[in-house]
Amino acid sequence: MRHDHRDVPPAATAPPAALVTDGRYAFGTYDGPIARINPLDAAGSGLLSGARRIARDFGLKEWEAFQLGDDDHFVLGAVYNAKSLGLLQVLVVDKHAATIARFETRLPSPMLSVARGLSGTSSHGDFAGLRIAIGNEIDDGLVTVDAVRDARGDAPSMALHATGVCDDDEAAHLVIVHPFSDTDALYSHKAMMPMHGSLVIDDERIGFDDDRGFLILDDHHGDYPRPMRYDWITAARRGDTGVVEGFNLTDNQIRDPATYNENAIWMGDTLHRLPPVTFTRPDGPWGPWHARDDQGAVDVTFTPTVRSTMHVGPMKALAEYYAPYGWFSGVIHGRDATLSVDGMFGVGEQKRITI
């Protein structure tokens, strides 16, 4: 079924050479990587630029994350720098048993590194026996993930090694530079792609099926307002023909979401942008979530089966974060393609952070 949605945001365009030029963000939505990711240059020049750069850097939330898996497992990982603290994380979800294995540690933020740019770079950290490295070779169409944790007491060991293929024949790229204000922006680079790899937990080898494996790249740098808030769901799978298909739906603090949003469906090497959406959770974060737009293009229900939280501070004052995993149902209509999400598995986030 084809829907003619006149209010769908404009198609993505060719990327600029740099994220910031002459002190100003290059606001827009792009179909390929931006070569130079230089958010601190938004501090401008002059006598006070050094102090402004330091202040902007401390307020910049930065992470490179991935979601990967096959028909049986879903894995989320991240190298996350909130500046006040850092986080290394690999979470392994068994879709059918509805169980989660957590491999994560908080650490001082200077002890990890989040790449700025995806050509010949890596995001990495090594702390408390957990080592994660995300290798970025976007120019060569490759993303690699290597994560290892040593066994500690009753906690199991873990070794994850995966390669995603994101050349022009395999993947589409959604690169956004969207305004919170005239001077503050969210930069994100998302791509969905085929993946092959392996995961071993203790002595159990979880072999990803090469014909069913997928990987979602999520590179993220944002001058978020305080408090930082957003709702988000995503999922991917290999379809009947082996092509990766999936979606990303977000309701965040971006200005003018009818023009600037990162809502899209992926169908192999093709991307279809979508209208803005809103989320409702009538039964709270562990009940069904509903994501819909006001044009009838998006009607998605997310039913959590695995709980995951991370709260900070008394009465969750510094961070209130729900990130369940579960199953999706419903349908998403792009201008030229329709994706049924029935039976897809993925993750959602309801986030409010003031630190």
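The values are calculated or read from the model by the stated rules, or taken from the named source; none is laboratory data. Bear in mind that the values here come from a model prediction, so they are computed numbers and not experimental data. As a convention, Cβ positions derive from the backbone with ideal geometry for all residues, glycine included, and neighbour counts pool all protein chains shown. Areas reflect the complete protein model, heavy atoms only, side chains present, ligands, DNA and RNA absent. Shrake-Rupley method; radii C 1.70, N 1.55, O 1.52, S 1.80 Å.
Listed values, structure above:
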read-out	value
Cβ pairs under 8 Å, 6+ apart, first in segment 223-238 and more than 14 Å from residue 321 (Cβ to Cβ) and basic (Lys, Arg), second part of a loop (DSSP other than H, G, I, E, B) and open to solvent by less than 20 Å² (accessible area, probe 1.4 Å)	238/70; 238/213
Residue 156 open to solvent by 30 Å² or more (accessible area, probe 1.4 Å) and in contact (Cβ under 8 Å) with a residue 24 or more places away in the chain	yes
Breaking point among (1) open to solvent by less than 40 Å² (accessible area, probe 1.4 Å); (2) assigned to a strand (DSSP E or B), for residue 171	(2)
Search result, residues across segment 73-102 that are hydroxyl-bearing (Ser, Thr, Tyr) and at pLDDT 95 or above	80, 99
Segment 335-349: number of residues that are surrounded by 20 or more Cβ atoms within 10 Å (Cβ to Cβ) and under 30 Å from residue 225 (Cα atoms)	3
Positions within segment 239-271 being open to solvent by less than 30 Å² (accessible area, probe 1.4 Å), at pLDDT 95 or above and either within 18 Å of residue 330 (Cβ to Cβ) or out of contact with any strand residue (DSSP E or B) (no Cβ under 6 Å at 6 or more places or on another chain) (or both), in sequence order	246, 247, 248, 249, 250, 261, 263, 264, 265, 266, 268
Selection count where residues are open to solvent by 10 Å² or more (accessible area, probe 1.4 Å), within 11 Å of residue 160 (Cα to Cα) and touching a residue at least 40 places away in the same chain (Cβ under 8 Å), scope segment 195-215	5
Elements of type strands (runs of 3 or more DSSP E) in segment 293-355, at least 2 residues being farther than 21 Å from residue 253 by Cα and among the polar types (S, T, N, Q)	298-306, 338-340
Test: residue in segment 175-186 that is over 30 Å from residue 17 (Cβ atoms) and touching a residue at least 60 places away in the same chain (Cβ under 8 Å)	no
Residues (open to solvent by less than 10 Å² (accessible area, probe 1.4 Å) and under 12 Å from the mean Cα position of the chain (by Cα)) located in segment 221-234	221, 233, 234
Selection within segment 274-284 - assigned to a loop (DSSP other than H, G, I, E, B) and open to solvent by 30 Å² or more (accessible area, probe 1.4 Å)	276, 281, 282, 283
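Conditions tested, residue by residue: (1) part of a strand (DSSP E or B); (2) not small (Gly, Ala, Ser).
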{"site": "105", "(1), (2)": "yes, yes"}
{"site": "115", "(1), (2)": "no, no"}
{"site": "125", "(1), (2)": "yes, no"}
{"site": "148", "(1), (2)": "yes, yes"}
